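One structure is given below, encoded as structure tokens.
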Amino acid sequence: MQPTEVLIRPILTEKANTQQEKLSRYSFKVNKKANKLEIKKAVEDFYGVSVVDVNTVVVPGKNKTKFTKAGFIKGVRPSYKKAYVTVAKGETIDLYANI
């Protein structure tokens with residue numbers, strides 16, 4: 001897989017920003033079929049950093065209901081895979097460069 005096929009987007013939340021500052025750990029939404037080795041290679045190729053560790057988790061989908069004039073509408077948010085990538089000490093990834 002190409003790096004753009006593996007990495008979907010970075011996750012920019014308060015928790016992710018705290019981990020970036022304190023632990024040099026970055027969060028990405030990734031392809032569900034990608035494994036840890038593919039994620040590591042994609043981050044190294046795309047951002048030019050050396051990756052120390054990759055942890056993954058599959059976030060389950062959530063049930064959502066909405067009340068409308070027609071009544072309740074039920075749906076499900078899709079599940080996705082999240083990767084926590086730890087880079088080498090002293091290296092950083094500038095996630096805001098392409099904005």
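Every number in this text was worked out from the coordinates using simple rules, so none of it is lab data. Keep in mind that what you see is a predicted model, and the values were worked out from it rather than measured. Because the Cβ atoms are built from the backbone with ideal geometry, glycine has one as well, and the counts that use them run over all protein chains shown.
Brief remarks follow.
- Of Val76, Asn31, Ala16, farthest towards positive along the dipole that unit charges on Lys, Arg, Asp, Glu beta carbons give segment 3-87: Val76
- Karplus-derived 3J(HN,Hα) values for segment 43-50, using 6.51 cos²θ - 1.76 cosθ + 1.60 with θ = phi - 60°, are 5, 5, 6, 6, 9, x, 10, 9 Hz; glycine and proline are entered as x.
- As a rough footprinting exposure proxy, the listed residues Phe46, Phe67 were ranked by other beta carbons within 10 Å of their own, and the order from fewest upward is Phe67, Phe46.
- Between 0 and 90 degrees, the angle of helix 14-23 with respect to the longest Cα principal axis of the chain falls at about 20 degrees.
- The Cβ shell under 12 Å around Lys29 holds other residues with a net charge of +4, Lys and Arg each +1, Asp and Glu each -1.
- Charge tally in the Cβ shell below 10 Å around Pro3, where Lys, Arg are +1 and Asp, Glu are -1, Pro3 excluded: -3
- Computed E for Thr86/Lys66 - FRET, C-beta separation, R0 41 angstrom, nearest 0.05: 0.60
- Checking every one of the trypsin sites (Lys or Arg not before Pro) in segment 25-99 against DSSP loop status and a limit of 14 other Cβ atoms within 10 Å picks out Lys32, Lys33, Lys62, Lys69, Lys89.
- When only the Cβ of Lys, Arg, Asp and Glu is charged (+1, +1, -1, -1), the dipole of the chain relative to its Cα centre reaches about 880 debye.
- Distance violations [Cα-Cα > 26 Å] among Lys15/Lys66; Lys15/Lys81; Lys22/Lys81; Lys40/Lys89; Lys33/Lys66; Lys36/Lys74: Lys15/Lys66; Lys33/Lys66; Lys36/Lys74
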